[in-house]
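Everything on this sheet refers to the single structure shown next.
The values are calculated or read from the model by the stated rules, or taken from the named source; none is laboratory data. Small disclaimer: the values here were computed from a predicted structure and weren't measured. Methodologically, a virtual Cβ is constructed for each residue, glycine included, from the backbone with ideal geometry; neighbour enumeration extends over all protein chains shown.
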Amino acid sequence: MNQASENFRMTPLHWAAVCGHVDVCEVLVTAGSKKKKIDRQRRIPLDVAKEQLDRIREGLDHFGQEYAGKDKAAQTLKFTRCVEYLESVTVRS
């Protein structure tokens, strides 16, 4: 569960945050996933979720291209909920 991928050093919690899957984040945190594990760019899952939310708000997709989806409001809400959840369970020291 805390095993990081070789290429990005991202844990399953990082990947759930990238996709804005708050339900998956909840399951992983409940199962003991480390909330402050850093990836190759020294980001924790909360940082990753915030970056994705900022991209959607700026009209960009996951890859930095113009977001072509018609569900920007739904995507914004999805990532907002993910950020809020991760903020509630991540205590910075």
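Residues that are within 14 Å of the chain's Cα centre (by Cα), charged (D, E, K, R), modelled with pLDDT of 90 or more and surrounded by fewer than 19 Cβ atoms within 10 Å (Cβ to Cβ) do not occur anywhere in segment 67-76.
Put simply, of K70, K36 the only residue that is of a type outside the set (S, T, Y), more than 20 Å from R9 (Cβ to Cβ) and not in a helix (DSSP H, G or I) is K70. Looking only at segment 25-59, filter to residues that are under 13 Å from F79 (Cα atoms) and among the hydrophobic types (A, V, I, L, M, F, W, C); which one of those is surrounded by the most Cβ atoms within 10 Å (Cβ to Cβ)? Going through the qualifying residues, I end up with A49.
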